[in-house]
1. Restricting segment 542-554 to residues that are open to solvent by 10 Å² or more (accessible area, probe 1.4 Å) and free of Cβ contacts under 8 Å to residues at least 40 places away in the same chain, which is farthest from GLU642 (Cα to Cα)?
2. Here are the criteria: (1) in contact (Cβ under 8 Å) with a residue 12 or more places away in the chain; (2) open to solvent by 10 Å² or more (accessible area, probe 1.4 Å). Tell me which single one SER440 does not satisfy.
3. Yes or no: LEU672 surrounded by 24 or more Cβ atoms within 10 Å (Cβ to Cβ), under 28 Å from MET165 (Cβ atoms) and in contact with a Cys (Cβ under 7 Å, 6 or more places away or on another chain)?
4. Pairs please, first residue from segment 874-887 and within 16 Å of PHE851 (Cβ to Cβ) and of a type in the set (A, V, I, L, M), second anywhere and modelled with pLDDT under 95 and open to solvent by less than 20 Å² (accessible area, probe 1.4 Å), Cβ atoms under 9 Å, 6+ apart in sequence or on different chains.
5. Which members of segment 1-21 meet the condition of being surrounded by 14 or more Cβ atoms within 10 Å (Cβ to Cβ) and free of Cβ contacts under 8 Å to residues at least 60 places away in the same chain?
6. Go through segment 718-754 and count every residue that is touching a Leu at 6+ places or on another chain (Cβ under 6 Å) and touching a residue at least 60 places away in the same chain (Cβ under 8 Å).
7. Tell me which residues, restricted to segment 582-612, are free of Cβ contacts under 8 Å to residues at least 40 places away in the same chain, touching a Ser or Thr at 6+ places or on another chain (Cβ under 9 Å) and farther than 21 Å from VAL654 by Cβ.
8. Of all residues in segment 851-888, how many are open to solvent by 10 Å² or more (accessible area, probe 1.4 Å) and of a type in the set (S, T, N, Q)?
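The values are calculated or read from the model by the stated rules, or taken from the named source; none is laboratory data. Please read all numbers here as calculations on a predicted model, not as lab measurements. Note that each Cβ is placed from the backbone with ideal geometry, even for glycine, and that neighbours are counted across all protein chains shown. Each accessible area value is taken on the protein alone, full model and side chains, heavy atoms only, with ligands, DNA and RNA left out. Shrake-Rupley method; radii C 1.70, N 1.55, O 1.52, S 1.80 Å.
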Amino acid sequence: MVRIDLSGIWSLTRVSDASVRPIVLPGDIISALLASGEIPDPYSGTNELELQWVGREDWLLARDFELDRAMAAMPELFFEAEVIDTVATVSVNGRQIAASRNMFRRLRVDLCGAVVPGRNRIEVRIGSPEKAAVSKAAALPYPVPYSTYPVSSPHRNLLRKEQCMSGWDWGPCLMTGGIYDSVAIVSHTGPRIEYARPRFSRSGTSWTVRVELDLYATHACSVGISALLADRATATLRETVPPAAGLAAQRESAIGATATENTDVPADTIVATATEVFELPAGLSTRHVALAVEAPRLWWPAGYGNQALYGLRLTVQETGAGAGTGYALDIDIGFRELEMVAEEDSIGRSMYFRVNGRDIFAKGANWIPADALPSRRTRARLESLLDSAVAANMNCLRVWGGGRYESGEFYRLCDEKGILLWQDCMFSCALYPSDADFLSEVDAEIRHQVRRLQHHPSLALWCGNNEALGAIGWYEESRKNPERYYIDYDRLNEGVLGKAVRELDPDRTWWPSSPSAGPEDFSDNWHVDGRGDMHYWSVWHEGKPFSAYLDVKPRFCSEFGFQSFPSARTVAGFAPADQRNVTSPVMEHHQRHPKGNSLILDTMTRYFRMPSGFAATLYLSQVQQAMAIRTAVEWWRSLRPECMGTLYWQLGDVWPAASWSSLEYDGSWKLLHYEARRFYAPLHLALIEKGGEIRAVGMNDTKIPRAGRLQVRILGFDDSTVAQWQEETEIPADASTCLWRARKEALPGDPTRSFVHAEWIPAEYDERNTLGPDCPASGGGKDGQENPESLSAWMFRTEPKRCNLPDPAIFREVSRLSDNSFSIRLSAESCAFHVQPVAATMGGHFSDAGFVLLPGKPILIGFEANGVHTAQEVEESLELWHLAASYR
């Protein structure tokens with residue numbers, strides 16, 4: 001196979017005025033216009049409003065490429081683009097050879113007869129997505145409604161385009177276009193492998209890998225392996241399964257190691273081979289080959305064991321006279337048994353992942369595209385976001401249905417990092433057509449995506465859509481005639497999507513919608529909590545108190561969230577100084593939820609004293625966001641095994657804005673993400689108030705029961721001890737358990753001058769059972785505990801605004817460890833709550849934030865600065881926010 005990579009500089013022409021500028025592909029149109037200086041930064045101020053014209057224009061992408069005489073004469077010569085966004089035609093040397101209208105389908109165009117030896121010109125014309133959608137809407141026999149947002153492009157549900165590009169309640173409307181992921185000219189001879197879909201079966205320590213191969217041949221190949229059949233073509237497949245190079249064995253944690261794993265296989269050792277010879281007809285056909293593997297190393301989710309990956313090479317080649325060089329495909333696979341357990345039980349219908357026999361509590365967040373501009377979705381950006389997820393003890397992400405089926409690089413990274421993926425199909429917050437043309441397009445889309453992604457061990461679940469089932473009740477048209485839209489929904493969701501997934505990937509669960517109570521169950525899973533997955537938004541959308549989270553017991557909560565403002569540093573990047581007020585035009589433009597600011601501020605006055613200024617408001621919004629999500633997660637984790645998954649909304653941002661994310665647009669951690677690292681820790685201690693009772697709950701996601709001593713104290717804000725209790729306790733394996741409880745009104749001391757503090761100290765320190773730095777226990781010594789394995793928790797006894805907090809008088813000492821690495825020692829004269837260090841004039845990452853600082857128990861945190869700095873520069877830049885400082 002010969003590949004001519006067409007990545008690089010193309011020309012970009014605005015068709016309406018013939019103006020030309022360069023564009024880097026893979027990449028998008030708006031990024032090219034920004035690079036050429038023609039448009040302002042779309043994320044700054046309200047510039048987005050001035051750029052709506054881009055999606056109303058037609059654009060021409062073009063470049064020349066050279067072919068030698070031999071390659072131009074190849075019988076198998078193709079133009080391939082993994083993603084063309086969206087309504088496009090492809091021409092070579094002035095001759096149109098293909099059309100595309102779906103960015104979720106790979107485009108492969110036969111170039112034979114269209115190219116010549118020497119210089120050739122390829123042109124990809126991308127039509128206005130907005131005009132295409134409006135045109136489709138005009139042709140509908142009845143309305144197909146969709147949700148709109150403060151800045152929206154109409155009828156986005158009629159295009160097979162990334163839905164959130166048209167605007168969302170957390171993102172801008174930037175209807176860009178382009179070519180993403182890869183673009184190339186490819187030639188080869190003989191049969192080719194279109195897709196490879198491995199299926200696994202296990203008997204004891206013996207595994208069988210049956211690889212389903214979708215093959216394409218231009219002519220029939222008959223059976224034969226000897227020279228006696230020289231006049232016949234023969235296809236031969238050979239597979240090898242060596243461990244992927246460079247994947248060093250990770251230390252087995254106490255959570256996941258199993259006796260059946262073979263951990264002595266050196267890297268690059270061939271552990272299985274197979275060869276098959278068969279007849280192959282002309283066109284597309286499916287064949288299979290099976291490999292036997294004894295005791296492979298298993299793939300586990302993050303925190304449960306290693307992510308062992310094996311490289312699988314597949315080759316197909318004609319034999320006999322005139323045989324070509326053959327075709328090869330390389331993929332990585334992982335050996336694991338995974339099922340979604342969704343069974344009727346005494347309280348409803350369960351929903352949880354079981355991997356290699358272990359029941360997994362899914363801990364994570366929802367994934368939206370990494371940036372509003374596809375050119376910025378680099379591998380480095382993807383990896384940074386995913387690294388932050390794993391660092392916060394996450395083991396699961398939901399690829400949300402309003403974005404895109406992600407790039408191959410994304411799924412490979414999730415394989416390597418052990419992140420289970422809940423994969424939505426790309427339909428969200430809308431109704432969709434069910435005419436034959438639309439369904440045919442979707443059928444081709446989903447069959448491509450399932451075949452493309454099926455081999456990834458991280459892929460855990462296929463889900464039909466995000467909220468498209470519930471959306472039938474949102475719109476006037478569908479409420480008046482629900483039967484019509486239920487039929488449309490069923491034709492698309494079950495008749496096309498579900499059918500294709502069950503056929504092509506039968507070993508994975510097909511989940512009809514999120515939220516959903518399961519197949520054929522149309523319960524209201526925004527408010528009914530006993531079956532399947534739940535989206536719980538009453539605290540945000542309905543303005544309920546955080547305690548409302550404790551009124552529901554979801555089996556798996558796949559969406560819930562609370563907004564915050566970004567940091568002052570992020571705001572400075574898009575809002576000039578005179579706009580740094582939460583109700584200024586620019587700040588409101590970067591708040592896409594119609595009631596977002598009101599909900600943030602109303603909640604703030606419910607729990608906190610009025611902040612003293614703009615910076616304090618930003619800080620306090622992040623405190624309450626962390627408090628809200630911690631309340632939900634700790635309660636739902638305490639219900640295990642009734643609840644077995646929490647995925648909060650959302651991990652990252654597509655632009656700098658107020659949103660539900662725990663990571664800011666530049667990847668910096670909000671207070672929520674630091675809190676997530678604590679409340680998602682494999683071993684965790686929580687204080688939960690429910691029904692007038694305060695409970696200390698131990699949570700253990702390891703397979704080892706843990707014994708220890710629990711100490712609960714009522715502490716004054718000056719760190720004086722009002723009362724204390726001690727108990728010998730055990731936290732069972734793979735369980736949550738109540739370790740201590742007391743009636744709130746029976747606790748001594750003034751609730752406005754004291755708080756509850758709990759610490760759990762293990763009975764003994766055994767290095768063989770420690771979780772290690774990659775799976776830290778909550779607390780982890782960061783609250784000044786002497787024992788690094790101790791767990792800690794604290795809670796106010798009343799609303800924070802009623803607490804009489806003294807000035808903690810925090811002292812800090814900065815030490816330089818290297819050019820950009822520093823340690824910061826913090827101590828206080830009285831208790832400081834929700835402490836957040838900020839490097840006001842430089843970027844960087846702190847090892848911890850949002851913690852409580854107790855008198856006499858200093859804390860040492862790390863700081864990695866962006867760039868080389870001195871200790872004095874860090875000292876001068878350092879600001880320390882805490883709750884008392886927010887209103888003083």
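1. Per the criteria, the residue is GLU542.
2. (1)
3. Values: surrounded by 24 or more Cβ atoms within 10 Å (Cβ to Cβ): yes; under 28 Å from MET165 (Cβ atoms): yes; in contact with a Cys (Cβ under 7 Å, 6 or more places away or on another chain): no.
It is false that LEU672 is surrounded by 24 or more Cβ atoms within 10 Å (Cβ to Cβ), under 28 Å from MET165 (Cβ atoms) and in contact with a Cys (Cβ under 7 Å, 6 or more places away or on another chain).
4. Correct list of pairs: LEU878/ALA839.
5. Correct list: TRP10, SER11, LEU12, THR13, ARG14, ARG21.
6. 1
7. LEU601, MET604
8. Looking only at that region, the number is 3.
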